[in-house]
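Here is the structure we will look at, set down as structure tokens.
The values are calculated or read from the model by the stated rules, or taken from the named source; none is laboratory data. Since the model is a prediction, treat every value here as computed from it, not as a measurement. Virtual Cβ from ideal backbone geometry, glycine too; neighbours counted across all protein chains shown. Quick note on the areas: whole protein, heavy atoms, side chains included, nothing else; ligands and nucleic acids left out. Shrake-Rupley method; radii C 1.70, N 1.55, O 1.52, S 1.80 Å.
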Amino acid sequence: RVVLSREGRGAAVVHRRGMAQQGATLQNYNNDLVRCIEDLREKREEVNRTIASDEEEKAKIQNDLRILTERLSRLNDGLARKISSRNEDDRTIQET
């Protein structure tokens, strides 16, 4: 919609150019916004991939930790029995 002012048709053309320029500026802002959203989506996907990778590594480490904890427990039990046996042998040796 073009409104003619007191200045006549020349002012109307200038006004029309100004509106076109505003439209172009808005389109540029829109394009920049779309680009930023696309970049953010790509960044999100990359973060999502690293999260999945880290969760996989965490599960593996937790499993390794469980296995090592079981081994440590068995080793401690065996050591306790051997130390007890050695102490018993030491007492027997000293008594004789």
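Some observations on this one:
- Across region 26-31, computed HN-Hα scalar couplings (Karplus, 6.51 cos²θ - 1.76 cosθ + 1.60, θ = phi - 60°) run 4, 5, 5, 4, 4, 4 Hz from first to last residue, x flagging Gly and Pro.
- Estimated at 0.36 nm per residue, the fully extended path between Gln22 and Ile61 surpasses their Cα-Cα distance by 8.3 nm.
- Ligands, DNA and RNA aside, Asp64 has an accessible area near 60 Å² when probed at 1.4 Å.
- Of the residues Arg49, Arg81, ranked by 1.4 Å probe accessible area with the largest first, the sequence reads Arg81, Arg49.
- Computed from backbone phi, the HN-Hα couplings of region 50-60 come to 5, 4, 4, 5, 5, 5, 5, 5, 4, 4, 5 Hz, rounded to whole numbers (Karplus: 6.51 cos²θ - 1.76 cosθ + 1.60, θ = phi - 60°; Gly and Pro given as x).
- Neighbourhood charge, 14 Å Cβ-Cβ cut-off, centred on Asp77 and excluding it, Lys, Arg +1 and Asp, Glu -1: +3
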